[in-house]
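> Have a look at this one.
No value in this document is a laboratory result; all are computed from the given coordinates. The structure presented is a predicted model; accordingly, all values stated were derived computationally and were not measured. Here Cβ is always computed from backbone atoms with ideal geometry, including for glycine, and neighbour counts include all displayed protein chains.
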Amino acid sequence: MIRILIVDDEPRIRQLIREHLEHAGYECAEATDGSAALASLSAAAYDLVVLDIMMPFVDGMTCLKEMRRRKIMTPVIMLTARGEEYDRISGLESGADDYVVKPFSPRELVARVKVVLNRTLSKEQTDGESYIFGGLSIDTVSHSVRIDGEEAPLTPKEFDLLVFLAGNRGIALSREKILEKVWNYDYFGEDRTVDTHIKMLRGHLGKYRGCIATVWGVGYKFDPDQI
């Protein structure tokens, strides 16, 4: 059974989320802050984490960054306060897979959970193709990217984005298409999500950043001739 860790310092929020996720057929566990979440993730395997940002002691953003530092790549859906764009962008930059704004609809949260799980679980079953472009290598089995032999510190979402672009090399892809295929969810025109990740991805590609080309009026494309 798919296991989900719910991390929030408010008992009523945890209960609300748990009731809806269990009704949808998932097994749930709870943690009251980031420290407890890290302990749970170290002790047991989970398929997804629902992680609140605003918590005492160890907050959600710190927890997420520590997860990725420890190479815990469990998918994460962040819970953010309404209108806190900085939190959403910071969460995505730190490796979150999606976010839901409080106050939220439990049905929307369950829908986003299903989308993230469908993408990540199906990817585990179908991964196997790798790409090599000069000194840039992309290994979809180990989920790693190497630049001239050195591993690049990509977040899971940056890795997914690079794989999608490389798999469609030479094709100009719109932001809407990238959102649909990489995030597998309609972000209601939030093009900045793509732009933010493209900027971060280019930064991690270093001298090969030019392979991610901007196609003005359209979106982006992967150009191996720039490597």
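> State the answer as a single residue: which of ILE77, TYR208, VAL49 lies farthest towards the positive end of the charge dipole of the chain, with beta carbon charges of +1 for Lys and Arg and -1 for Asp and Glu, about the Cα centre.
Going by the charge dipole, the pick is TYR208.
> Moving to a separate point now. Go ahead and set up a Gaussian network model of the chain, Cα springs under 10 Å, then flag whichever of VAL115, VAL141, VAL182 fluctuates most.
Looking only at VAL115, VAL141, VAL182, the largest GNM fluctuation is found for VAL141.
> Multiplying the sequence separation of GLU19 and THR214 by 0.36 nm and subtracting their Cα-Cα distance, what value in nm do you get?
Between GLU19 and THR214, full extension yields an extra 65.8 nm.
> So, one more: Which of the peptides 43-55, 97-109 is most tightly packed, and how do the rest follow, judged by the mean count of other Cβ atoms within 10 Å per residue?
43-55, 97-109
> Mind checking the full-extension length gain between LYS114 and ARG69? Use 0.36 nm per residue of separation minus the Cα-Cα distance, one decimal, nm.
Full-extension gain reported as 13.6 nm.
> I would also like to ask the following. Once phi is turned into θ = phi - 60°, what whole-Hz ³J(HN,Hα) does the Karplus curve with 6.51, -1.76 and 1.60 give for every residue of region 157-167, x standing for Gly and Pro?
5, 5, 4, 4, 5, 5, 4, 5, 5, 5, x
> Starting from the 7 Å offset along Cα-to-Cβ, what nm value, one decimal, do you get for the label separation of LYS102 and MET1?
Between LYS102 and MET1, the label points sit 2.7 nm apart.
> Something else: Return the label of the correct value of percent of Cα pairs over 29 Å apart, as calculated from the structure shown, out of [x] 36; [y] 24; [z] 27.
Entry [z].
> To the nearest 20 Debye, how big is the dipole of the chain about its Cα centre, given +1 on the beta carbon of each Lys and Arg and -1 on that of each Asp and Glu?
In debye, rounded to 20, the chain gives about 340.
> 222 nm [θ] for the chain, helices only, -39500 (n - 2.57) per DSSP H run of 4+, per residue, to 500?
The helix-only estimate for the chain comes to -13000 deg cm²/dmol at 222 nm.
> Looking at ILE6, VAL113, GLN226, which one has the Cα that reaches farthest to the positive end of the dipole of the chain (charges on Cβ: Lys, Arg +1; Asp, Glu -1)?
The Cα lying farthest towards the positive end belongs to GLN226.
> Continuing with the same structure: Which length gain, in nm to one decimal place, applies between ALA29 and SER42 when the Cα-Cα distance is subtracted from 0.36 nm times their residue separation?
3.3 nm
> Let me ask something additional. Of all beta bridges DSSP finds with both residues in the chain, what is the antiparallel percent, to the nearest 5?
45
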